[in-house]
Structures are given as C-alpha cells and as structure tokens.
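Inspection log for the structure reproduced underneath, given as structure tokens.
Bear in mind that the values in this text are calculations on the coordinates, not laboratory data. Please read all numbers here as calculations on a predicted model, not as lab measurements. Don't worry about glycine lacking a Cβ; one is built from the backbone with ideal geometry, like all the others, and counts go over all protein chains shown.
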Amino acid sequence: MFWNAKNGCVRIGDADMNYVSFGSGTDNLIMLPGLGDGLTTVKGMAFLMALLYRMYAKAYRVFIFSRRNDLKEDYSTRDMARDQAEAMKMLGIKSANILGISQGGMIAQYLAIDYPDLVEKLVLAVTLSKQNELIQNVVGNWISMAEHNDYKNLMIDTAERSYSERHLKRYRLLYPFLGITGRPKDFSRFIIQAKSCIHHNAYPELSKIQCPTLVIGGECDKIVGVDASREIADRIKFCEEYIYVQFGHAAYEEALDFNKRVLTFLSE
C-alpha cells in the first residue's frame, strides 16, 4: 500500500491491540490519539492515517495505536501506558519518539515515567497532568451523554469545545446529519476511557521525565484549559513549550504548522 501503510493487531497478555503503521524511515514514531479512540479505533484505517500524517513518512516508521480491545472497568491511563509498553516489546520496538494528543498525552506521560528507556523524545499536545474543574465538568457531561446514548449531542459538544469559530462555521453544516452514521454499538469503551481522563494525575511524578519534551497547548482550549499545558512544561526539566494563541483543543488539526513544528523538534 501507499507509504507502506499496513493494518496490524498485536497480542498483549489476554487481549489484543489494533494499530496502523506506515513510513520508510529508520527511526520510530508512535502516535497515541485522544479520547475519540473510545468511539472509533484505528482498525482498518492504515491508508487514511498514512495520508493524514504523510509528512512523517519519509523520516520515520510511524505507528498509531488504539487502546486494547477489551478495556475493563476502572482501567487507568497508567494501565494503558503499561499496555503500550508491552505492545512495543511484542513488536520489537526498543525505543521510539512519542507523540501523545489529549488522552494520548496522558498515557504518554506515564510511558515516559514508568518506562524511560522506551522514550527517546516526547511531544505532549493539548493534554493535562492533573485534574481541574474544566475537564471534570466537560468530560463528566460527555459521560452522561454516552450513558444516555446521545451520540449526536456528544459529537456536537465535542466539536463546539474543540474547534475555532472559523472552523465551526463549516462544521456546523453537518450537525443535522450527525448520529445517522458512525454511532458505536455501545458506549462502554468510551465511558471507561473518559473516566480514566478525569482520574488522571501524573503531576507529582512529572519530574521523573528526563527525555527532551515538547509541550503544545491552545490558548482557547475549552476541554483541558491552557494552564494544563503550562503546568506540565513547568515540571519537566528538559522541556520546550509552545502555545497556539488562536486555537483551542483541536490545535493539532487546525494549526497548519503543527506537524512541521513536531518534526523540527524531533530532528533537533
């Protein structure tokens, strides 16, 4: 396939984990997506992911992982980091650069804390390390919507809180059609992942992260808040920080220079 894109599944203990891989580089780059993984995994999405992130394909062998397929109640972001370390071991990935977005950034924090030898450089985008009132309210509301099978309003609220007004003007045209397709068979996976977000607290241990780190935030972030990025940057010794003034939680999608900024950091 194009960019050597492949769909894969790796066995970890009594479960399995879907991933996609692409690229022809010699170094490894692992991407950990956000809470949307609780609704749609990367299974079967190799070509689409390779197309979206083709900028990385020449320099890296890229892996994008979903969480394991049978998440249990009370599964934590630390548990997910343990799974990620095991998946890397099973695939023969001895170390990698890690890009964690939103909840993926929470998992990436524990991966760098608990398994430092696996992480070469770390990028934490629009994520947090400890709880605040904003995420408690937002994600708590999403959990309630999921428990009531209210997929349409869950998608609308996610969009309204993630994107800039300029982007929303186009996206709102799709609102009447939301919920017709894409609805998961059940929301248990999403709810478990969402609960792990509102219990995440790696802040006391961030000083254990010794690898070069880039923290990227959005000044207009209506999900985790921009102060969450600054808190992380202040606690990690070898850390750079960049805040997109005009964007919010979806800065990684809306900022045209986001991927270039990550590539520059990784290549330094």
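In the chain, the calculated helix contribution to ellipticity at 222 nm averages -11000 deg cm²/dmol per residue, counting -39,500 (n - 2.57) for every DSSP H run with n ≥ 4.
The spread of Cα positions in the range 219-268, taken along each principal axis and listed from longest to shortest, comes to 31, 28, 13 Å.
Model label points for Asn69 and Ser267, set 7 angstrom from Cα along the Cα-to-Cβ axis, are 3.7 nm apart.
Residues Tyr151, Tyr171 in ascending order of nearby Cβ atoms (within 10 Å, fewest first): Tyr171, Tyr151. Considering only alpha-carbon pairs that sit under 8 angstrom and 6 or more positions apart, the relative contact order computed for the chain is 19 percent. Put simply, the amide H of Asp27, placed in the peptide plane, has neighbours under 5 Å in Arg61, leaving out anything fewer than 5 places away on its chain.
If you find the alpha carbon centre of the range 97-124 and of the range 184-239, how far apart are they in angstrom? After rounding, the separation between the Cα centres reads 10 Å. Model label points for Asp27 and Ser188, set 7 angstrom from Cα along the Cα-to-Cβ axis, are 4.1 nm apart.
Across the range 1-57, Cα-Cα pairs more than 13 Å apart make up 63 percent of the total. Backbone geometry of the range 95-112 corresponds, through the Karplus equation with coefficients 6.51, -1.76 and 1.60 at θ = phi - 60°, to 3J(HN,Hα) couplings of 6, 7, 7, 10, 10, x, 10, 6, 4, x, x, 5, 5, 4, 4, 5, 5, 6 Hz, x marking Gly and Pro. Charging the Cβ of each Asp and Glu at -1 and of each Lys and Arg at +1, and nothing else, the dipole of the chain about its Cα centre rounds to 760 debye. Residues whose amide H lies under 5 Å from that of Ser164, counting only those 5 or more places away or on a different chain, are Gly248; hydrogens are built 1.01 Å from N in the peptide plane. Close amide H contacts of Glu241 (hydrogens built in the peptide plane, cut-off under 5 Å, sequence separation of 5 or more or a different chain): Val215. Summed over all non-identical Cα pairs, the Kirkwood treatment of the range 165-268 gives a radius of 16.4 Å.
Charged neighbours of Val126, selected by a Cβ distance under 12 Å, balance to -2 (K, R count +1; D, E count -1).
Its relative contact order, with pairs defined as Cα atoms under 8 Å and 6+ residues apart, puts the range 79-172 at 21 percent.
Protection proxy ranking for 15-22, 192-199, using the average of other Cβ atoms within 10 Å per residue and placing the highest first: 15-22, 192-199.
Placing +1 on the Cβ of every Lys and Arg and -1 on the Cβ of every Asp and Glu, with nothing else charged, gives the range 173-244 a dipole about its Cα centre of roughly 440 debye. Remark: the range 50-155 is approximated by an ellipsoid whose semi-axes, taken from the C-alpha gyration tensor as √(5λ), come to 27, 17, 15 Å, largest first. Please say if the chain is rounded, prolate or oblate, where rounded means a/c under 1.5 for a ≥ b ≥ c the square roots of the C-alpha gyration tensor eigenvalues, and otherwise the choice is prolate for a/b larger than b/c and oblate otherwise? Rounded shape, in that the Cα axes give a/c under 1.5.
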